[in-house]
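*Asks:* Mind having a look at this structure? Questions to follow.
Bear in mind these aren't lab numbers, they're just calculated from the coordinates by the rules spelled out. On a predicted model such as this, the values are computed, not experimentally measured, just so you know. Don't worry about glycine lacking a Cβ; one is built from the backbone with ideal geometry, like all the others, and counts go over all protein chains shown.
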Amino acid sequence: MKKYEGLFILNTAGKEDTVKDTIDKISAEIGSAGGKVETVQKMDKRSFSRVANKKYTSGFYVNIIFESEPALVAQLHTRFAINEDVFRVLFTEAGVPQQAVES
């Protein structure tokens, strides 16, 4: 198993009070897929520097460090890409500088 870091930008438009529930669902989904969540770091809500869609002007950033098999990362990326609560997700290998696994 390898250690990965997942940077999630959550879609919090109009539902800032459900951020903790969304983070719990993401952690549970990683666990149910076979990964082991080690650390969840909640960051702040930040405005986007470039707004592609006026509906999404900001997002809540969360960093999750977990262990999993390399094949699981691609499956997780696909799952979170269709999740309406996740605006963007980026997985990298933890401890490996600037090497993106999926974007």
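*Asks:* Determine, for Ile65, Ile26, Ile82, Ile9, the number of other Cβ atoms within 10 Å of each Cβ, and report the residues in order from fewest to most.
*Replies:* In order of increasing Cβ crowding within 10 Å: Ile82, Ile65, Ile9, Ile26.
*Asks:* Please list the non-local residues whose amide H lies under 5 Å from the amide H of Phe87, H modeled 1.01 Å from N, same-chain partners needing a gap of 5 or more.
*Replies:* Ile9, Leu10, Asn11
*Asks:* Moving on. Test of understanding: ordering Arg50, Arg79 by Cβ neighbours within 10 Å, fewest first, what list do you get?
*Replies:* If I rank by nearby Cβ atoms, fewest first, I get Arg50, Arg79.
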